[in-house]
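In what follows, a structure is listed as structure tokens, so that the remarks can point back to it.
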Amino acid sequence: MTIRSILIHPDPRLKKVADAVPDLSDPLRQLADDMLETMYDAPGVGLAAPQVGVLQRVIVADPVKDPNETPQPIVMFNPEVLLSSDETSVYEEGCLSIPDQYAEVTRPAEVRLRWLDLHGNEQERDFAGFWATVLQHEIDHLNGKLFIDYLSPMRRQMMTRKSQKIKRERTRD
């Protein structure tokens, strides 16, 4: 497994819609393994392929943050939201592509998703709470949407400027 570089906002690739995965191949499974390794190393609870510069509909997640709990990594190819609840929940979100910045985002509290697993089998499952938020956040990445797009224009602009500064500092290192 390889730890990949994570793109930092603003990067035009983060605003593009990712292509559907036509069929599962060993390179795509390797991408998923690399993404999990990268996510855990960052550390984060989710990662979408566009964040590592690959415009494919692949996400990984593991919202279990407690070190005393068993990790529950999930890999999804071509995930799609089938249903979302009218009830909403608010979580403070962050993003590996927008380092060290957080904001409360309102999303549906529950979602039903369909995706292909690592073996090419179609899966369908309901997710609620933090799991639902993390997976919706990652699916947004596949559609070229960032969590800051849910914020007011002024707040989004402030966070973008801070992100640009972080990006410049990291390029110098």
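The values are calculated or read from the model by the stated rules, or taken from the named source; none is laboratory data. Everything numeric in this text was worked out from a predicted model, so none of it was measured. Backbone-built Cβ (ideal geometry, glycine too); neighbour counts: all protein chains shown. With ligands, DNA and RNA removed, areas are computed over all heavy atoms of the protein, side chains included. Shrake-Rupley method; radii C 1.70, N 1.55, O 1.52, S 1.80 Å.
One table, with the values for the structure above:
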quantity: CD proxy at 222 nm, helix term only [per DSSP H run n ≥ 4: -39500 (n - 2.57); per residue of the chain; nearest 500]; calculated: -9500 deg cm²/dmol
quantity: Region 1-97 - Rg (one decimal) and Dmax (whole number), Cα, Å; calculated: 14.0, 40
quantity: Debye intensity ratio in log₁₀ form over the Cα atoms of region 83-173, taken at each q of 0.12 Å⁻¹; calculated: -0.46
quantity: Average accessible area per residue (Å²) across region 72-173 - probe 1.4 Å, nucleic acids and ligands excluded; calculated: 55 Å²
quantity: Of Gln72, Gln56, Gln157, the one that fluctuates the most in a GNM where the chain has Cα springs shorter than 10 Å; calculated: Gln72
quantity: Candidates per GluC sites (Glu not before Pro) in region 32-100, loop by DSSP, up to 12 other Cβ within 10 Å; calculated: Glu69, Glu87
quantity: Under 18 Å from Lys145, Cα to Cα: aspartates and glutamates that are on another chain or at least 8 residues apart; calculated: Asp11, Asp19, Glu80, Glu92, Glu93, Glu104
